[in-house]
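Participant: Before I ask anything, here is the structure I am working with.
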Amino acid sequence: MRILVVGGGGREHALAWKLANDSVKPQVFCAPGNAGTAEVATNLPIEAENLDGLIAWARQNKPDLTVVGPEAPLCAGLSDRLAIEGFKVFGPSKAAAQMEGSKVFSKDVMEAGGVPTAKAARFTDAKAAKAYARSAGLPVVIKAEGLAAGKGVIICATQAEADRAIDDTLVKKVFGEAGNRVLVEEFLEGEEASILALIDGKHIVVLASAQDHKRVNDNDEGPNTGGMGAYSPAPVVTDSLWPVIREQVFDRTLAELRKRGITYQGVLYAGLMIGKSGPKVLEFNCRFGDPETQAILPRLDGDLAPALLACADGTLRDEMIRWRPEPCICVVMAAGGYPGSYEKGKVIEGLKEAGAMKDVAVFHAGTKTQGWQGRDERRPRAGRHRAGQGREGGGPAGVQGRRQDQV
């Protein structure tokens with residue numbers, strides 16, 4: 001069995017690692033992968049957003065399954081193009097990927113489908129957006145509509161901050177075309193949780209809960225990042241909440257998408273705020289979360305590939321997913337200065353020793369090997385470095401070693 005994993009981050013390393021350890025021992029390829037994926041898969045010199053290059057490789061090498069990690073190629077229609085060529089792909093269509101690619105579309109779906117979410121208004125005019133923010137009450141959240149590399153959501157405590165965020169987005173175009181429209185949303189209070197579900201178009205299998213942490217410093221201080229760590233399960237998601245999340249979030253969303261003629265196949269990630277009035281959706285993503293994946297997949301008891309294939313085939317069953325009871329923790333290590341400017345190209349040592357520890361795995365993101373020969377002697381170089389520790393019964397658990405090299 002041949003599996004292509006598209007992407008080069010910690011999420012893709014975790015996916016490749018789990019797939020490579022499936023009982024059928026598939027041959028795994030990563031495009032472009034990183035220094036870590038090279039230890040469990042064959043890296044390909046094809047960037048994740050090079051759709052033509054990926055299609056050409058698939059035509060020649062005929063993978064049995066393609067697993068698309070990042071959101072950008074999904075929103076650009078990679079799944080559609082692979083499906084047209086007759087290849088099985090895990091990842092939603094371009095139309096379905098709008099759940100992440102357009103915050104306005106996603107909000108429209110939630111409001112029409114009765115999915116609990118923050119109140120919001122849409123704007124293309126900065127003056128009107130500022131006036132609405134002033135009347136809505138503070139704090140307020142300003143969101144660029146499109147993909148903005150995780151930087152398009154700004155929490156504003158003052159009107160001056162809201163005005164600046166609106167001007168930056170709509171007038172100065174700091175997020176490019178992603179900021180052609182903005183959402184001005186109410187600020188929700190509570191505790192966040194990440195809930196992911198595998199979907200085959202009709203059937204839904206909800207995965208174990210997780211919670212990530214975004215601020216760069218200890219004690220929940222410092223600027224937001226793409227994620228400084230995660231753990232699974234998330235205690236805030238109690239047993240009584242699961243049926244509520246399943247019906248109000250996933251069932252209602254899928255029903256509304258079907259009304260619009262959209263079939264969702266892949267993973268749907270719901271970022272939730274758990275408050276006094278129950279769970280509300282902050283955002284949807286059309287792919288596995290990062291770093292949540294690094295904390296969730298090590299808890300999966302059994303093979304992953306059959307469930308991903310079943311999503312593509314429309315044959316997903318509950319019994320395909322089983323969980324180990326042990327929790328898993330992912331801790332991120334980053335170069336000084338991250339998420340701002342930081343020094344790149346530093347050598348990372350001690351990875352072999354860390355990975356050999358009981359119940360520990362190291363996952364890479366964006367690392368490279370330079371100037372070293374041999375699998376055991378290569379030293380990844382990185383500017384950003386994630387590492388972590390996790391526990392799972394019996395095997396490496398999901399430490400995330402995310403090292404971001406010269407990318």
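The values are calculated or read from the model by the stated rules, or taken from the named source; none is laboratory data. Keep in mind the model is a prediction, meaning the values are calculated, not measured. Neighbour counts run over all protein chains shown; Cβ positions are idealised from the backbone, glycine included. These accessible areas exclude ligands, DNA and RNA; they are computed on the full protein's heavy atoms, side chains included. Shrake-Rupley method; radii C 1.70, N 1.55, O 1.52, S 1.80 Å.
Participant: Can you list residues from other chains, or at least 5 along the same chain, whose modelled amide H is less than 5 Å from the amide H of Thr263?
Facilitator: none
Participant: With θ set to phi - 60°, apply the Karplus curve 6.51 cos²θ - 1.76 cosθ + 1.60 along the stretch 26-36 and write out the HN-Hα couplings as whole Hz, x wherever there is a Gly or Pro.
Facilitator: Each residue of the stretch 26-36 in turn: x, 8, 10, 10, 10, 10, x, x, 7, 4, x Hz.
Participant: A follow-up question, please. For the chain, take the longest principal axis of its alpha carbons; what is the angle in degrees between that and the long axis of helix 10-20, to the nearest 10 within 0 to 90?
Facilitator: 40
Participant: Another question, then. Expressed as cubic angstrom per residue, what is the convex hull volume of the alpha carbon set of the chain?
Facilitator: Working: hull volume 56.5 nm³, N = 407.
Hull volume over Cα atoms, normalised by residue count, gives 139 Å³.
Participant: Right, here's the next one. Which peptide among 289-297, 196-204 comes first, and what is the full order, when sorted by highest mean count of other Cβ atoms within 10 Å? Mind dumping the intermediate values first?
Facilitator: On the way: 289-297: 30.2, 196-204: 19.7.
Sorting 289-297, 196-204 by mean packing, highest first, produces 289-297, 196-204.
Participant: Still on this structure: Based only on the alpha carbon positions, what is the Kirkwood hydrodynamic radius of the stretch 96-208, in angstrom?
Facilitator: Working: mean 1/r = 0.0670 Å⁻¹.
For the stretch 96-208, the Kirkwood estimate is 14.9 Å.
Participant: From the residues Ala118, Asn43, His203, which one has its Cα farthest along the dipole of the chain in the positive direction, the dipole being from +1 and -1 charges on Cβ of Lys/Arg and Asp/Glu about the Cα centre?
Facilitator: So the residue we want is Asn43.
Participant: For the chain, what is the relative contact order in percent, using Cα pairs closer than 8 Å and at least 6 residues apart in sequence? Can you show the working numbers first?
Facilitator: Numbers: 1029 pairs, mean separation 67.4, N = 407.
Relative contact order here is 17 percent.
Participant: Testing the spin-label approximation: label points 7 Å from Cα along Cα→Cβ at Val174 and Ile155. State their distance in nm.
Facilitator: Between Val174 and Ile155, the label points sit 1.7 nm apart.
Participant: If you keep only loop residues by DSSP, which chymotrypsin sites (Phe, Trp or Tyr not before Pro) in the stretch 122-214 have at most 15 other Cβ atoms within 10 Å of their Cβ?
Facilitator: Those that pass, being in a loop and sparsely packed, are Phe187.
Participant: Something else about it: What is the distance in Å between the Cα centroid of the stretch 124-173 and that of the stretch 230-289?
Facilitator: 25
Participant: While we're looking at this one, here's another question. Quick one: Cα centre-to-centre distance for the stretch 1-30 and the stretch 313-337, in angstrom?
Facilitator: Centre-to-centre distance over Cα atoms comes out at 14 Å.
Participant: Work through the residues other than Val244 whose Cβ is under 13 Å from its Cβ and net out their charges, Lys, Arg +1 and Asp, Glu -1.
Facilitator: Working: positive: Arg246, Arg252, Lys280; negative: Asp239, Glu247, Asp251.
Around Val244, the surrounding residues sum to 0.
Participant: State whether the stretch 155-265 is rounded, prolate or oblate according to the following rule on the C-alpha gyration tensor (a ≥ b ≥ c being the square roots of its eigenvalues): a/c under 1.5 gives rounded; otherwise a/b larger than b/c gives prolate, and the remaining case gives oblate. Walk me through the intermediate numbers first.
Facilitator: Values: a/c = 2.29, a/b = 1.33, b/c = 1.73.
The shape class here is oblate.
Participant: Net charge around Pro279, counting only other residues with Cβ within less than 15 Å of its Cβ (Lys, Arg = +1; Asp, Glu = -1)?
Facilitator: Working: positive: Arg246, Arg252, Lys276, Lys280; negative: Glu189, Glu191, Glu192, Asp239, Glu247, Asp251, Glu283.
Surrounding charge for Pro279 is -3.
Participant: Rounded to a whole number, what % of the accessible area of the chain do carbon and sulfur atoms account for, probe 1.4 Å?
Facilitator: Numbers: 8520 of 17280 Å².
The computed percentage sits at 49.
Participant: If you count, for each residue, the other Cβ atoms within 10 Å and average over each peptide, how do 7-16, 262-271, 275-284, 103-112 line up from highest to lowest? List each step's numbers first, then the result.
Facilitator: Details: 7-16: 30.6, 262-271: 22.3, 275-284: 16.9, 103-112: 19.6.
The densest-packed peptide leads the list: 7-16, 262-271, 103-112, 275-284.
Participant: So, one more: Relative to the present Cα-Cα distance, how much length would full extension add between Lys119 and His203 at 0.36 nm per residue of separation?
Facilitator: Working: separation 84, 0.36 × 84 = 30.24 nm, distance 2.89 nm.
Result for the pair: 27.3 nm of gain on full extension.
Participant: Now a separate question. Give me the aspartates and glutamates in straight-line cross-link reach of Lys127: C-alpha distance below 13 Å, same-chain residues under 8 apart excluded.
Facilitator: Asp163, Asp167, Asp168
Participant: OK, next. Using a 1.4 angstrom probe, figure out how much accessible area the chain has per residue, in square angstrom, rounded to the nearest whole.
Facilitator: Spelled out: the 1.4 Å probe surface of the chain, per residue, equals 42 Å².
Participant: Mind checking the full-extension length gain between Asp313 and Asp218? Use 0.36 nm per residue of separation minus the Cα-Cα distance, one decimal, nm. Could the numbers behind the result be given before it?
Facilitator: Values: separation 95, 0.36 × 95 = 34.20 nm, distance 4.39 nm.
In short, 29.8 nm is gained.
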